[in-house]
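J.: Quick one: this structure, given as structure tokens, is what I'll be asking you about.
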Amino acid sequence: MPDFFVLAFYAVLGLGMAAVIILLNWFVAPRTLATARRNTPYECGDPPLGSGWVAYHIRYYIFALLFVVFDVEAIFLFSWVAVFKTLGLWGFIEVAIFIVILVIGLLYAWKKGVLRWI
Amino acid sequence: MSLWQLLYEPDRWADEINKLITNWGLQLGIPVFITQLFLMIVVAVILLSFILLNVAFLTWLERKVAGHIQVRHGPMRTGPHGILQPVADGIKLLFKESITLPFVDNFIYTLSPAMMFTAAMLTYIVLPFAPGWVVAPLDYGLIFVFAAGGVSSFFVFTAGWSSNNKYSLLAGMRTIAQVISYEIPMILAALGVALFAGSLNLVEIVEAQKGLWNIVVQPLGFLLFLTAALGETHRAPFDLLEAEQELVAGYMTEYSGMRFALFYLGEYTHMFAAAALMTTLYLGGWQGPYLPPVVWFLLKAYALVLLIMWFRWTYPRIRIDHLMNFSWKFILPLALINLGVTALVLVW
């Protein structure tokens, strides 16, 4: 069996099981009257003010940017690790240069106060 | 030969059954493809039942551990020592209304719990439970585990966002911030192990640990991976996204009925997957004397699960700024140093 067929099979299986569970619940569960009071989102007893989709802080975005940089780095490192033994010393030096550049970037971000969570 | 003796040779056992069924199919004139598909379905059913029973047991275990750590009994009424409690909980949740409020993003709202469970379940297909007992021994198994784990956390965010509730949204944003911060050190720590084995295939990583477990040669890597795995699977002390004192129930606030139960299923599936992955990477997987391989694997994984539960009921929750600082300013540099030193030693 090809790998991707197995993966797709299990993905469909998991989703199918979840669907069966949710449908079964939908069939057997009781229904309550959908009054206006029942249909309010939970907010500690007070009626909510406005929509739940409020603006959030920019710092999440900055951390996500940093993450993308390091995650792409991780993808490159995976391929390096897979052929580490055949590349030897030369491959190690090249990857070391690559990581040092990224670490300098991290230190720069650190010094600029990006990593401060206010 | 008894079943217990067969457990010592799981790869031969799997091979024999495979051959037997294929030959039997050929005699009846059924194409090999169909018999293979049939075998795959049987394996899938076994794996799914294992996951579900395991999660049921884990929820009971967590409550018992919590109870005994706090000098009380935990569940005691349903069955001996409350062992049937997960069944009772499951039946209760099945008969509860799964409320969908009119202003939620309905499609994503329903999809999130299902996808979260599916993604967590997908990590199991590359885990080697015993020699030959792995659904798909992928050559890129390590990448796949991290990818599936990451996707699982992503659907926590979509659940929080689609609920249209301020608490859920906050929890969702925190999830993204926390998970992405702890994923990188986790990957970097695991890469140190992969360097030793010279492969990303989890089966080969286990076989490379014959005689010497990776925890001996990578003690720092193990500690980093354990810490990062707590952050990645949102377990205490890093359970900020469901901090019940400030966020009610975090991303699950608006969920009820079976959709709520699916989140629980996903969380515990993910937690056990993390423990099993740590067993595979650092504790030598199925290897050990006297007992059958699969028993060793489960013993080690459960030891780690108990450790994670012990953490939950011992440490207070970390503040969010400390959480982010800890990841970016402490664990990430240490993980980079760990990887660099490992590579340097191996090149030498």
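J.: Please go through the stretch B:53-159 and write out the trypsin sites (Lys or Arg not before Pro) that DSSP classes as loop and that have at most 12 other C-beta atoms within 10 Å.
T.: Sparse-neighbourhood loop trypsin sites (Lys or Arg not before Pro): B:Arg72, B:Arg77.
J.: Could you work out how far apart the two model spin labels at B:Ile21 and B:Lys96 are, taking each label as a point 7 Å from the Cα in the direction of the beta carbon, and quote it in nm?
T.: The answer from the label model is 3.7 nm.
J.: Placing +1 at every Lys and Arg Cβ and -1 at every Asp and Glu Cβ, with all other atoms neutral, what dipole size does the stretch A:1-110 have around its Cα centre, in debye to the nearest 20?
T.: 420
J.: With a cut-off of at most 12 other beta carbons within 10 Å, and DSSP calling the residue loop, which chymotrypsin sites (Phe, Trp or Tyr not before Pro) in the stretch B:189-295 qualify? Please list them.
T.: Listed in order of number, the matching sites are B:Tyr290.
J.: Sort B:Trp133, B:Trp348 so that the residue with the fewest other Cβ atoms within 10 Å of its own Cβ comes first and the one with the most comes last. Write out the running numbers ahead of the final one.
T.: Working: B:Trp133 19, B:Trp348 7.
Neighbour counts put them in this order, fewest first: B:Trp348, B:Trp133.
J.: With each pseudo-label sitting 7 Å past Cα toward Cβ, what's the A:Trp117-A:Ala36 distance in nm, one decimal?
T.: Roughly 4.1 nm, to one decimal.
J.: Same structure again: If I model a spin label as a point 7 Å beyond the Cα along the Cα-Cβ vector, how far apart are those points for A:Ile104 and A:Leu65 in nm?
T.: Going from the A:Ile104 label point to the A:Leu65 one covers 1.9 nm.
J.: Okay, next question. Is the C-alpha gyration tensor of chain B telling us rounded, prolate or oblate? Criteria: a/c under 1.5 is rounded; beyond that, a/b larger than b/c is prolate, otherwise oblate. Walk me through the intermediate numbers first.
T.: On the way: a/c = 1.59, a/b = 1.17, b/c = 1.36.
Oblate, because a/c is 1.5 or more while a/b does not exceed b/c.
J.: Cβ under 12 Å from B:Met186's Cβ, B:Met186 left aside: what net charge do those residues give with Lys, Arg +1 and Asp, Glu -1?
T.: Around B:Met186, the charge tally is -3.
J.: In the protein assembly as shown, how many lysine pairs have Cα atoms under 23 Å apart, counting only pairs 8 or more places apart or on different chains?
T.: Here the count comes out as 6.
J.: Set the Förster distance to 45 Å, then compute FRET efficiency between A:Ala96 and B:Asp321 from the Cβ-Cβ distance, nearest 0.05.
T.: Numbers: r = 32 Å, r/R0 = 0.71.
Computed FRET efficiency for A:Ala96 and B:Asp321 comes out at 0.90.
J.: Can you sort B:Leu169, B:Leu334 so the residue with the fewest Cβ neighbours within 10 Å comes first?
T.: Details: B:Leu169 23, B:Leu334 18.
The most exposed by this proxy come first: B:Leu334, B:Leu169.
J.: Mind checking which of B:Ser153, B:Pro137, B:Ser2 is farthest towards the positive end of the protein assembly as shown's charge dipole, using Cβ charges of +1 (Lys, Arg) and -1 (Asp, Glu) about the Cα centre?
T.: Looking along the dipole axis, the top candidate is B:Ser153.
J.: With only Lys, Arg, Asp and Glu charged, each at its Cβ (+1 for the first two, -1 for the last two), find how big the charge dipole of chain B is about the Cα centre; round to the nearest 20 debye.
T.: Values: 18 positive and 20 negative charges, 144 e Å.
Rounded to the nearest 20 debye, it is 700 debye.
J.: At 222 nm, what helix-only mean residue ellipticity would the protein assembly as shown give, in deg cm²/dmol to the nearest 500, using -39500 (n - 2.57) for each DSSP H run of four or more?
T.: Calculated at 222 nm, the ellipticity per residue is -23000 deg cm²/dmol.
Since every read-out is calculated from the coordinates, none of them should be taken as a lab result. In this text the structure is predicted, and so the values were computed from the model without any measurement. Note that each Cβ is placed from the backbone with ideal geometry, even for glycine, and that neighbours are counted across all protein chains shown.
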